[in-house]
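Single-structure report; data block below.
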Amino acid sequence: MTITLSVAGTGSVLLLRPWRFDDLPALVAAHRDPELRRRLSTSLTDDAQARQWLDRQADGWAAADRFSFAVVTDTDDRTPRGHVVVTVTTVGVAEVGYWTAAHARKQGVAARALETVSRWALETQDMVSLTRLDLFHTAANQASCRVAIKCGYSLRDLLPAAPPAFPASGHRHVRTSDRDLVRP
């Protein structure tokens, strides 16, 4: 399955497209960023790990249970600015996640990509019938909290730390549909 989503907003036009194997060098470079490594549960340190990660993304598309997008621009399809993913967890429910490469932070990339993929996931009936999207982040990640709220995800739960998988406390934000969307 191949899909490209155009992202509206100010600044350059963003496109969301499935990850490709020629993205490997940019993927490894993005994961060299200490801030990104600190926020992610998976850190890709070499080409072999990045190849395995790319294989998992392709497998997710084939199984229709993980829809992983590279965030690029209409003028530069080869330098991903970030990543956004929808992972189906149970019937009608998926988790969303995202990251932004260091060179693209503070440009609205995360919010624009998350908003677009959220609408797509909740409105696209040929994909899977989703009624709820969950977004998790550490409580200390205020930037992710702002992005979640900006994109209509309400804070539902304060989660205690659960080491070793989740060593820090966290937040669970939820979005159910655009008709429930309330923006600040």
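The values are calculated or read from the model by the stated rules, or taken from the named source; none is laboratory data. Everything quoted here is computed from the prediction, not taken from an experiment. Every residue, glycine among them, receives a Cβ derived from its backbone with ideal geometry; neighbour counts consider all protein chains shown. The area values use the complete protein model at the heavy-atom level, side chains included, leaving out ligands, DNA and RNA. Shrake-Rupley method; radii C 1.70, N 1.55, O 1.52, S 1.80 Å.
So what is the accessible area of the chain per residue, in Å², with the probe set to 1.4 Å?
Counting only protein heavy atoms, the per-residue value for the chain is 52 Å².
So who's got an amide H within less than 5 Å of the one on Arg156, skipping anything under 5 residues away but keeping other chains? H placed 1.01 Å off N, in plane.
Arg172, His173, Val174
Give me a comma-separated list of calculated 3J(HN,Hα) values for region 25-37, in order, Karplus coefficients 6.51, -1.76, 1.60 applied at θ = phi - 60°, integers in Hz, x for any Gly or Pro.
Going residue by residue, I get x, 5, 5, 5, 4, 4, 6, 6, 5, x, 5, 5, 4 Hz, with x marking Gly and Pro.
Amide H of Arg20: which non-local residues (sequence gap of 5 or more, or other chain) have their own amide H closer than 5 Å, using H built in the peptide plane?
none
What order do Arg175, Arg132 take when sorted by accessible area (1.4 Å probe), most exposed first?
Descending order: Arg132, Arg175.
Describe numerically, in nm with one decimal, the distance between label points set 7 Å from Cα along Cα→Cβ at Ala64 and at Ala102.
A separation of 4.0 nm, rounded to one decimal place.
On the protein heavy atoms, probe 1.4 angstrom, tell me the percent of accessible surface of the chain carried by carbon and sulfur.
54 percent
Add +1 for every Lys or Arg and -1 for every Asp or Glu among the other residues with Cβ under 14 Å from the Cβ of Thr138, and state the total.
Residues close to Thr138 contribute a combined charge of +3.
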